[in-house]
Ligand SMILES: [Zn+2]
């Protein structure tokens with residue numbers, strides 16, 4: 001668990017003051033991208049921690065903190081729509097993960113509240129974002145709030161409190177998380193390596209986490225375009241420079257890019273169609289016509305192996321060099 005964002009320390013102190021008079025339900029509301037969920041996770045970890053520090057922060061070293069960090073704490077439940085917990089690959093699959101929090105997810109809480117807590121302390125449920133509960137789920141939650149179980153705290157994180165039932169709102173103690181002042185957000189973004197924080201913040205409605213996300217997305221888009229430019233001219237490919245540049249990108253993403261490129265090379269050969277890089281159709285046709293099918297299949301196998309090992313490559317640059325060298329041999333060997 002990271003520390004709090006710099007703009008959250010005042011709210012944290014306020015919360016620490018409330019800590020001894022815990023309500024049954026707490027609502028953290030505020031605009032998207034200001035760190036409500038992060039704050040709520042810190043709060044939950046701190047409440048479960050066996051020896052929180054002077055300022056109420058979780059110690060990060062007791063067994064409870066270890067469980068929390070590993071997402072296995074028996075006294076903590078995170079309820080969110082499947083779409084937020086499904087891995088990237090599944091999101092693209094045929095069966096779309098749910099965008100709502102279902103009534104079954106809320107009903108499962110009654111079992112959770114009936115169990116005695118593992119540590120003899122609090123049990124905590126975090127619902128994120130609360131407006132994702134469908135009508136049945138919201139009604140089931142209301143029942144739980146009407147007959148609260150001892151020692152169970154329900155934390156609702158919510159960007160759109162107007163979408164929650166008034167009867168739920170009235171049973172929560174509300175903490176507002178607001179967007180920090182411009183200079184605080186700007187300074188923080190600069191520390192994350194963002195050079196134009198003011199304009200990004202303006203576009204993101206002054207929410208620092210949304211501004212950071214936008215910056216990372218546009219950086220990733222540029223890196224992908226640079227990658228395509230290099231890879232689409234294999235005869236000019238500078239393996240070592242490109243491998244060096246690619247180190248800035250997550251290895252799994254680089255391998256996915258290579259896999260998509262290889263897929264298109266194969267697909268144009270077999271079916272005449274391109275799936276991922278339509279804008280480079282001419283290059284794909286040119287490159288693929290000189291490639292031996294068996295070599296291309298071999299390259300795909302190599303990428304599949306690399307993908308499995310890419311979670312923690314010891315040296316991403318070496319991995320990229322070896323994959324790019326294979327690609328180079330695949331595409332350019334006939335020139336010599
Ligand atoms: Zn701890």
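Nothing in this text is a laboratory measurement; each read-out follows from the coordinates by a stated rule. Bear in mind that the values here come from a model prediction, so they are computed numbers and not experimental data. Virtual Cβ from ideal backbone geometry, glycine too; neighbours counted across all protein chains shown.
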remark   = Of 202, 44, 304, the most mobile residue in a GNM of the chain (C-alpha springs, cutoff 10 Å) is 304
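Relative contact order of the chain, please, whole-number percent, based on alpha carbon pairs below 8 angstrom and at least 6 residues apart.
Reported as a whole number, the value is 17 percent.
State, as an integer percentage, the relative contact order of the range 6-178 based on alpha-carbon contacts under 8 Å between residues 6 or more apart.
Relative contact order here is 34 percent.
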request  = Work out the FRET efficiency for residue 16 and residue 96 from their Cβ-Cβ distance, taking R0 = 35 Å, and round it to the nearest 0.05.
outcome  = 0.30
inquiry  = Suppose the chain between residue 225 and residue 142 were pulled fully straight at 0.36 nm per residue; how much longer would it get relative to their current alpha carbon spacing?
reply    = 24.9 nm
query = Each label point is 7 Å from the Cα along the Cα-to-Cβ direction; what then is the distance between the points at residue 51 and residue 166, in nm?
reply = 5.0 nm
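Evaluate E = 1/(1 + (r/R0)^6) for residue 59 and residue 315, where r is the Cβ-Cβ distance and R0 equals 30 Å; express this FRET efficiency to the nearest 0.05.
The computed FRET efficiency comes out at 0.30.
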key: Global geometry of the chain, whether rounded, prolate or oblate, following the gyration tensor of its Cα atoms and the 1.5 cut on a/c   = prolate
task = Give, as ranges by residue number, the residues of the range 30-46 whose backbone N falls under 15 Å from the point 7 Å along Cα→Cβ of residue 71.
result = 38, 41
inquiry  = Could you work out the relative contact order of the range 232-335? I mean the mean sequence separation of Cα pairs under 8 Å and 6+ apart, divided by the number of residues, in percent.
reply    = 42 percent
ask   = residue 289 versus residue 203, label points 7 Å from Cα toward the beta carbon: distance in nm?
value = 4.0 nm
request  = Give me the number: length gained by fully extending residue 278 to residue 151, i.e. 0.36 nm times residue separation minus the C-alpha to C-alpha distance, one decimal in nm.
outcome  = 40.0 nm
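Just subtract the alpha-carbon distance of residue 216 and residue 111 from 0.36 nm times their residue separation and send over the number in nm, one decimal.
Contour length minus Cα-Cα distance gives 33.7 nm.
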Residue among 218, 199, 267 with the largest mean-square fluctuation in a Gaussian network model of the chain, springs linking Cα atoms under 10 Å = 267
note = Note to self, the chain gives a 222 nm [θ] from helices alone (DSSP H runs n ≥ 4, -39500 (n - 2.57) apiece, / all residues, nearest 500) of -16000 deg cm²/dmol
request  = For the chain, set up a Gaussian network in which alpha carbons nearer than 10 Å are linked by springs, and say which option among 12, 261, 67 fluctuates the most.
outcome  = 261
ask   = What does a probe at residue 270 reach in the range 280-308, counting residues whose amide N is under 14 Å from the point 7 Å along Cα→Cβ?
value = 293-301
message = I need the shape label for the range 6-178. Rule: rounded when a/c is under 1.5, else prolate if a/b > b/c, else oblate, with a, b, c from the alpha carbon gyration tensor.
response = rounded
note = Note to self: C-alpha centroids of the range 223-251 and the range 111-174 sit apart, in Å, by 49 Å
